[in-house]
Amino acid sequence: GQSTGENSDVYIRPVAMFKDPFRRGDNILVLCETYSPDDTAHPTNKRASCNKAMEACKDEHPWFGIEQEYTLFDYTGKNPYCWPKNGYPGPQGPYYCGVGADRVKGRKIVEAHYRACLYAGIKIAGSNGEVMPSQWEYQVGPCEGIEMGDHLWVSRYILCRVAEEFDAVVSFDPKPIPGDWNGAGCHTNISTLAMRQDGGMEHIIKAIEAIGKKHKEHIESYDPTGGADNKRRLTGLHETASIEKFNYGVAHRGASIRIPRQVAADGHGYFEDRRPSSNADPYSITNRIIKTICSLEE
């Protein structure tokens, strides 16, 4: 976090280390928490409160997997990467998980990022082209507890560093291009030990219904502007639910929360909260979810 000019020192405390994929050798990347001069967590430090919630709920063994979507722009940060200079590409349809130079823009960046994350020790699990051209997704997890936020933040840092090498800018804006183009989210998959075991569907439904009762509180935690950014994305169109209401269903991409079909068939597993925005703080997302499903506010 950035300190104020009249009180310009912020304490930093190392909390996680990763191998440095850029300098390599014995070099490391160190993730730090930030603290104000009075030794309280800096306002931008969402990790501290998240870690308290994770410690309180550690016996539940919460696992998370986050699907980070983003959009690549050219070096100006204004024009989507490799889009026509004086127009738009063809309509959405052929780009999702696409292949071929006419459909895919920026794969070298994506592959370099993936390999850098593997080297660093990030629990990256996959990547794919998204619905809008020059839009991509990668997945991190499963991670238990506070590790989810640590790994996602460092993966974002690595992505922006890699993009520099290609004169590209990474946008985490949830609706970077207005109109009939998909936005970008940070779909969050959640399970506890009870959900992963036989009979887990009962615990999944219980958690989803508890989250539904706190829809407003979750929306406020799912982007850095208390929901204003996400309002441009969660319209009920383009594979999103409306920000105004909560619903869930099996294999339903237009729902607030999706239960995967295989989970419904098995009767245990996990669920996916599709509401978090691509620019959300993963500590805020996972903190809010844990507080709700573990009843930490009661």
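Values computed for the structure shown
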{"quantity": "Condition check for PRO21: surrounded by 15 or more Cβ atoms within 10 Å (Cβ to Cβ) and farther than 22 Å from ILE290 by Cα", "calculated": "yes"}
{"quantity": "Only one of GLY226, GLY249 that is open to solvent by 10 Å² or more (accessible area, probe 1.4 Å) and under 26 Å from LYS46 (Cα atoms)", "calculated": "GLY226"}
{"quantity": "Filtered residue count, region 21-41, keeping only those that are within 22 Å of the chain's Cα centre (by Cα) and not polar (S, T, N, Q)", "calculated": "6"}
{"quantity": "From the options ILE66, ILE12, residue that is under 23 Å from PRO224 (Cβ atoms), open to solvent by 40 Å² or more (accessible area, probe 1.4 Å) and not in a loop (DSSP other than H, G, I, E, B)", "calculated": "ILE12"}
{"quantity": "Failed condition for ALA207, given (1) surrounded by 14 or more Cβ atoms within 10 Å (Cβ to Cβ); (2) at pLDDT 95 or above; (3) under 19 Å from the mean Cα position of the chain (by Cα)", "calculated": "(3)"}
{"quantity": "Scan of region 127-148 for residues that are in contact (Cβ under 8 Å) with a residue 40 or more places away in the chain and touching a helix residue (DSSP H, G or I) at 6+ places or on another chain (Cβ under 8 Å), ordered by number", "calculated": "TRP136, TYR138, VAL140, GLY141, CYS143, GLY145, ILE146, MET148"}
{"quantity": "Test: residue in region 80-100 that is among the aliphatic types (A, V, I, L, M), modelled with pLDDT of 95 or more and open to solvent by less than 40 Å² (accessible area, probe 1.4 Å)", "calculated": "no"}
{"quantity": "Selection from region 90-140 of residues that are among the small types (Gly, Ala, Ser), within 30 Å of VAL30 (Cβ to Cβ) and not in a loop (DSSP other than H, G, I, E, B)", "calculated": "ALA112, ALA116, ALA120, ALA125, GLY126, SER127"}
{"quantity": "Count of region 22-36 residues which are in contact with a helix residue (DSSP H, G or I) (Cβ under 9 Å, 6 or more places away or on another chain) and assigned to a loop (DSSP other than H, G, I, E, B)", "calculated": "2"}
{"quantity": "Selected residue [under 17 Å from GLN68 (Cα atoms), at pLDDT 95 or above and open to solvent by 20 Å² or more (accessible area, probe 1.4 Å)] from PRO142, PRO174", "calculated": "PRO142"}
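The values are calculated or read from the model by the stated rules, or taken from the named source; none is laboratory data. Because the structure is a prediction, the values reported are computed rather than measured. Neighbour counts run over all protein chains shown; Cβ positions are idealised from the backbone, glycine included. Note: accessible area is taken over every heavy atom of the protein model, side chains too, but ligands, DNA and RNA are not part of it. Shrake-Rupley method; radii C 1.70, N 1.55, O 1.52, S 1.80 Å.
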